[in-house]
1. Rounded to whole Å, give me the distance from the Cα center of the range 49-83 to that of the range 328-387.
2. Return the calculated 222 nm mean residue ellipticity for the chain, to the nearest 500 deg cm²/dmol, obtained by summing -39500 (n - 2.57) across DSSP H runs with n ≥ 4 and dividing by the residue count.
3. Find the accessible area per residue for the chain; the probe is 1.4 Å, ligands and nucleic acids are left out, and the unit is Å².
4. Run the numbers on the range 321-398 and let me know its relative contact order in percent, using alpha-carbon pairs under 8 Å that are six or more apart.
5. Each residue of the range 314-330 in turn: what ³J(HN,Hα) in whole Hz from Karplus with 6.51, -1.76, 1.60 and θ = phi - 60°, glycine and Pro shown as x?
6. First compute the accessible area of the range 51-117 with a 1.4 Å probe, then give the percent of it belonging to carbon and sulfur atoms.
7. Any idea how far the Cα center of the range 398-420 sits from the one of the range 187-213, in Å?
8. How high is the relative contact order of the range 97-196, given as a whole-number percent (alpha carbon pairs under 8 Å, six or more residues apart)?
Amino acid sequence: MPTFSAPTSCAPLAGAALTPAPAAPQAAPPAGPAIGQAKLANGLEIVVIPDHRAPVVTHMVWYRNGSADDPIAKSGIAHFLEHLMFKGTAAHPQGEFSQFVADAGGQENAFTSNDYTAYFQRAPSGELAMCMEYEADRMKNLVLTDEIVAPEREVVLEERRMRTDSDPADQLNEAVQAALFTQHPYGRPIIGWAHEIEGLGREDALAYYDRFYTPENAILVVAGDVTLEEVVSLAEKIYGPIAARGEPPRRLRPREPEQRAHRLVRLSDEKVEQPSHQGVYIVPSYSTAGRGVAEALEVLAHLLGAGHTSLLFRALVIERKLAVAAGAHYVGSSVDDTRFFVYSVPAEGVPLERLEREIDAIVARVAAEGVDEADFRRAKTRLIADAVYAQDNQATLARWYGAALATGLDVEDVAQWPSRIDAVTVDDVRRAAALLDKRRSVTGFLSPAQPARGEGIGADEDALADAITL
């Protein structure tokens, strides 16, 4: 029999794939939907988010594995297996599940992150049982042959060529992440390194599938026109017969060593038309931070870089006209320590080094002096308000809860998020800014390719430039 937890009145947590955004401190934030929880005997966790405004349901299955769980020299296997999960089973050949969802007027897809892989369908609530049937079938009965795996590997390689190899901005981001995490697997691209993708085969996919695609490693999230009782009844009938395989798989990840040196990554390419700057810091996540630290980082990111009233935009774009864009972002939902981003796009003629110095000065000032009280109150108000407004979107709620549970948090963490944001103080934000330690960061500069020697200036001028430099 499943075990039940009492429904909890919940609103969302912020973070990476879960980043609500702006909202208010005055009265207690409005309660969200009454969330129901249960757990089947085989270990499958269930979260139900009722929303009876339309006869629609979002059905999601989350697995606690992502690219950071890829074995050494097998980068990209989590993402590759996500592709292969659509290749069918003996009972349901390739394309049948997708055709069913399309015929029902629904939507389906999947995604892989550093820490989780998720599969979802949005369909009429009357089709929930069939969505479960298909998803439960491929949790245990995936059919893979070399004839299926080899062509799909080429699809993934082409995806990498299109998204990364042909995009200088993505190439820079990949290089920055690799420099930021010297040991931890967050430094590997989710899609994988091309030379390692080329070596992935059927045995690799099946080994990964057998290790992670088990009910005790999965979370079922259902949002929409349903009740906890009917979801659990269906889940017990459809997912319940899948045998557990013992304890959930452990995540074996190397620990990132203490970092003591700021790193700079430069990339120039002829396809770049507009230079840009990014700075990325290693900071605690919601899962690794002490009480209130992640929330303070969330507020700090909003104060520094959310919209035209943010500190970076106001100072660099509006007042000093050094940039045409500037912002910040905190990726809070991670199993391990995570990333805090700052970025800017320079105005014409402004060196990227100048923007980096200006941003560093603003961050240092916040760490030393704090922030304006009115700006601070406005940031918290917007964060909480955005979280409340987001409750109108059942798919967004399903993603928030799924990502929270998949990274080690629980439903109550999500429920209390607005109140914890409301409890953040100016001193908390000042201390959070002090966590943006340059020694634990990487700067990335993206710029247009420079003219080849002798191009753009005369040969004599070029030689003179060399003479002066020497």
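The values are calculated or read from the model by the stated rules, or taken from the named source; none is laboratory data. Remember, predicted model here, so these are calculated numbers, not experimental data. Don't worry about glycine lacking a Cβ; one is built from the backbone with ideal geometry, like all the others, and counts go over all protein chains shown. Surface areas here come from the heavy atoms of the whole protein model, side chains and all, with no ligands, DNA or RNA. Shrake-Rupley method; radii C 1.70, N 1.55, O 1.52, S 1.80 Å.
1. 30 Å
2. Taking each H run of at least 4 residues, the total per residue is -11500 deg cm²/dmol.
3. Heavy-atom SASA per residue in the chain reads 43 Å².
4. Computed value for the range 321-398: 21 percent relative contact order.
5. Coupling constants for the range 314-330: 4, 6, 8, 9, 7, 7, 9, 6, 8, 9, 9, 7, 6, x, 8, 7, 10 Hz.
6. Accessible surface attributable to carbon and sulfur in the range 51-117 totals 56 percent.
7. Distance between centres, Cα-based: 29 Å.
8. 18 percent
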